[in-house]
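Here the structure comes first, spelled out in structure tokens, and everything after it is commentary.
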2 protein chains.
Amino acid sequence: MTREQSGNHPARETLAGMAALHGAPENPAACPIRDVLDRVGQKWTLLILIALMPGPRRFSALQRRVGDISKRMLTQSLRELERDGLISRQVYPTKPPAVEYALTALGRSALDPIAVLTDWADRNHDRIRAARAAFDAAA
Amino acid sequence: MTREQSGNHPARETLAGMAALHGAPENPAACPIRDVLDRVGQKWTLLILIALMPGPRRFSALQRRVGDISKRMLTQSLRELERDGLISRQVYPTKPPAVEYALTALGRSALDPIAVLTDWADRNHDRIRAARAAFDAAA
DNA sequence: CAGCATCCCCATCGATACTG
DNA sequence: CAGTATCGATGGGGATGCTG
């Protein structure tokens with residue numbers, strides 16, 4: 001989680017605006033872009049959000065669904081997502097305790113822009129792989 | 001893997017497919033999501049792409065524009081972006097050598113989905129910060 | 001079942017110095 | 001100017017074990 005530079009921007013909505021504003025990193029406050037991207041770029045967060053798309057899931061169910069994530073990382077990632085308000089955590093004090101995680105409205109809304117990005121990734125992955133092969137061949 | 005019920009949203013169908021795809025962790029390179037996200041999540045890549053949006057830039061100009069990036073990281077990040085085919089590298093063998101970097105068509109196309117994501121970040125940053133404050137207060 | 005706690009590896013990144 | 005080379009700090013994240 002890297003923090004620094006790239007101050008907050010007032011009424012920017014386009015990348016162009018951000019490119020322009022970036023020349024002045026006087027405000028040390030957290031940049032929304034970095035803030036979100038650092039989270040999205042983390043290894044498991046996205047997989048967890050995706051795993052929660054169909055509906056609420058319990059801890060173990062999540063672990064199975066995500067795949068080879070360790071309990072440690074699952075716990076840690078869930079905490080961060082909960083802290084950011086993207087998922088909710090409901091504890092049922094049953095005999096063996098049960099905890100259910102679910103997407104919040106904010107979490108669901110995050111999946112739309114993420115879907116755009118992953119769709120791009122899906123559509124252009126071949127091109128990227130080809131570019132890499134060409135680059136490596138030239139070396 | 002089994003398809004994930006309902007999801008009238010087309011983009012979400014794709015995401016669900018990606019989730020299923022991850023079921024095979026033996027070849028992580030085969031997952032477009034991780035492939036792209038790892039790059040996007042890196043510290044400087046996005047800043048560099050944004051810095052190149054207005055047009056081609058030379059090494060030093062990029063370094064000034066991005067901010068406090070070291071030459072080491074700038075070089076490294078540029079190499080990866082070039083390898084992925086997102087930017088091009090043009091060398092002018094002048095007296096003091098000049099090298100110009102520019103977005104490729106692929107690189108430009110990547111900025112669209114990224115803009116969607118950063119726009120979301122911009123719009124929802126306040127909510128996230130509020131959620132964090134609430135979470136921290138509860139602890 | 002859900003989750004902390006602990007140990008440890010290694011990838012990422014920063015700083016500095018050197019070069020064609 | 002545009003890098004390369006090297007060292008070192010930081011922390012993400014895997015493996016394992018323990019608990020309410």
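The values are calculated or read from the model by the stated rules, or taken from the named source; none is laboratory data. The structure presented is a predicted model; accordingly, all values stated were derived computationally and were not measured. All Cβ positions, even for glycine, are placed from backbone atoms using ideal geometry, and neighbour counts span all protein chains on display.
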Check: What single numbered condition from (1) within 11 Å of DNA strand D (Cβ to nearest atom); (2) in a helix (DSSP H, G or I); (3) farther than 16 Å from B:R127 by Cβ fails to hold for A:E80?
Finding: (3)
Next item on the list: Would you check which residues across the stretch B:76-113 are within 11 Å of DNA strand C (Cβ to nearest atom), in contact (Cβ under 8 Å) with a residue 12 or more places away in the chain and either surrounded by 21 or more Cβ atoms within 10 Å (Cβ to Cβ) or of a type in the set (V, I, T) (or both) and list them?
Entry: B:S77, B:V99
Checklist line | Test for B:A137: is it in a helix (DSSP H, G or I), more than 26 Å from A:G107 (Cβ to Cβ) and among the hydrophobic types (A, V, I, L, M, F, W, C) | finding: no
Checklist line | Segments classed as helices (runs of 4 or more DSSP H), wholly inside the stretch A:8-74, with at least 2 members that are of a type outside the set (S, T, N, Q), modelled with pLDDT of 60 or more and more than 15 Å from DNA strand D (Cβ to nearest atom) | finding: A:32-41, A:45-52, A:59-66
Note to self: If a residue must be within 15 Å of DNA strand C (Cβ to nearest atom) and either touching a strand residue (DSSP E or B) at 6+ places or on another chain (Cβ under 7 Å) or touching a residue at least 24 places away in the same chain (Cβ under 8 Å) (or both), how many such residues does the stretch B:52-71 contain?
What the structure shows: 4
